[in-house]
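Take a look at the structure set out below.
The values are calculated or read from the model by the stated rules, or taken from the named source; none is laboratory data. Remember, it's a predicted structure, so these values are computed and weren't measured experimentally. Cβ coordinates were reconstructed from backbone atoms using ideal geometry, including for glycine residues, and neighbour counts include every protein chain displayed.
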Amino acid sequence: MGVVSVISVDRLSKVYKRPIRSKSGWISDLFHRQHEDVVALDEVSFALEPAEFVGYVGLNGAGKTTTMKILAGILRPTSGTVSVLGYTPWQRKREFLRRIGFVMGQKRQLWWDLPAADFYSYLQALYAIPNDKYKETLGRMAEMLAVDDLLDVPVRNLSLGERAKVELIAALLHDPDVVFLDEPTLGMDVLAQKSMRAFFSEYNRQFGKTMLLTTHSLSDVEALCSRIIIIHEGRILWDGSISELLRRYEDRRLVRLRVERDGAIEDVAVEVPKGEVGRVLSEWSSLGRVLEYREEGLRLEGVLAHMLGGDS
């Protein structure tokens, strides 16, 4: 018997109705409303197994957040089937909601004037968390995030990075089996991002949770995920390992040059097939003096830019 998927998505579609403004003016719109279909998701299918940590990436408007909201039961799809932990998300059964966690970057739920510990006590009552379980989970996460001494400090007195950590505990305190991460490091500085990545990695390893990450930070994906799902204009372009995706583009190189011309120094990055590196060097040498040259394989950012036809 095979492993049962924790998340199963089959031919999921979501179509929004967008009003079309009439050229006849707003009075005509009142009586003769017209709409056009906007396809956010177009027969998307994928599955996640227990303890998987998967990146779900794409450009703005690709359908990432729509997918996450459907999986969390916030939105109802137009068609298709979804199972999360055996539940249909948009039925929003209490046991389903207790078993999922949703972490959204820069979305706050803690009470500004009170310590985080007070809000955690409220969450314990809300989710009916047994006292021993509550203390164990809170203690482990506070230790992992190094915030033991901050739990009794009013939230308004914490730094941005400290607030993000105590907010994260609030989102995970009820010990969910599935965690949805929507831009969890948004707005953080480099050190805070590194700290959060370390936590998510250790949390996944220690607790064995199934985690789905949407983010524009491909550094987050490279650090945390071995598998990536790429969505573009509502359709899945890739679902597989990051290493295999990079292997498919190993015949392309990223050439970085520092060139001096007309008294100015210019940094240049050019993506070309491996066999054309010499031509690029020759062309830039004819335009100025090449001060530095570096050649490397494409990383995830370059691969996505190539696949999606623009900046990632």
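For every residue, the table says whether it meets (1) polar (S, T, N, Q); (2) at pLDDT below 90.
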site: 228; (1), (2): no, no
site: 235; (1), (2): no, no
site: 263; (1), (2): no, yes
site: 267; (1), (2): no, no
site: 271; (1), (2): no, yes
site: 277; (1), (2): no, yes
site: 281; (1), (2): no, yes
site: 285; (1), (2): yes, yes
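Taking the listed residues 89, 154, the one that is touching a Gly at 6+ places or on another chain (Cβ under 8 Å), in the same structural domain as residue 229 (by TED's automatic domain parsing) and not small (Gly, Ala, Ser) is 89, with no other qualifying. Of the residues making up the stretch 187-209, those that are surrounded by 18 or more Cβ atoms within 10 Å (Cβ to Cβ) and either more than 20 Å from residue 138 (Cβ to Cβ) or of a type in the set (D, E, K, R) (or both) are 188, 193, 197, 209.
If you go through the stretch 160-188 one residue at a time, how many are in a strand (DSSP E or B) and among the charged types (D, E, K, R)? First the steps, then the outcome.
Of the stretch 160-188, the ones in a strand (DSSP E or B) are 178-182.
Still in the running and among the charged types (D, E, K, R): 182.
The number of residues fulfilling the criteria is 1.
Taking first residues from the stretch 194-209 that are at negative phi and touching a residue at least 40 places away in the same chain (Cβ under 8 Å) and partners that are part of a helix (DSSP H, G or I) and of a type outside the set (A, V, I, L, M), the Cβ contacts under 7 Å between residues at least 6 apart in sequence or on separate chains come to 209/203. Counting only residues that are in contact with a helix residue (DSSP H, G or I) (Cβ under 7 Å, 6 or more places away or on another chain) and either outside the structural domain of residue 209 (by TED's automatic domain parsing) or modelled with pLDDT under 90 (or both), the stretch 8-29 holds 2 of them.
Listed here are the strands (runs of 3 or more DSSP E) enclosed by the stretch 46-110 that have at least 3 residues being modelled with pLDDT under 95: 100-104. Those residues that are in a loop (DSSP other than H, G, I, E, B) and among the aliphatic types (A, V, I, L, M), I need them from the stretch 111-159; list them, please. Those that are in a loop (DSSP other than H, G, I, E, B) and among the aliphatic types (A, V, I, L, M): 114, 128, 129, 146, 147, 151, 153, 158. Scanning the stretch 283-301 for residues that are of a type in the set (Phe, Trp, Tyr) and either in contact with a helix residue (DSSP H, G or I) (Cβ under 7 Å, 6 or more places away or on another chain) or part of a strand (DSSP E or B) (or both) returns a single hit, 293.
For the stretch 189-233, the tally of residues that are more than 12 Å from the chain's Cα centre (by Cα), closer than 23 Å to residue 44 by Cα and part of a helix (DSSP H, G or I) stands at 0. One residue stands out among those in the stretch 96-153 that are aromatic (Phe, Trp, Tyr) and surrounded by fewer than 18 Cβ atoms within 10 Å (Cβ to Cβ): the one that is farthest from residue 179 (Cα to Cα), which is 112. A count restricted to the stretch 234-269 and to residues that are touching a helix residue (DSSP H, G or I) at 6+ places or on another chain (Cβ under 7 Å) and not in a strand (DSSP E or B) stands at 5. If I go through the stretch 243-268 residue by residue, how many of them are exposed (fewer than 12 other Cβ atoms within 10 Å of the Cβ), farther than 13 Å from residue 290 by Cα and in contact (Cβ under 8 Å) with a residue 12 or more places away in the chain? Matching residues across the stretch 243-268 total 3.
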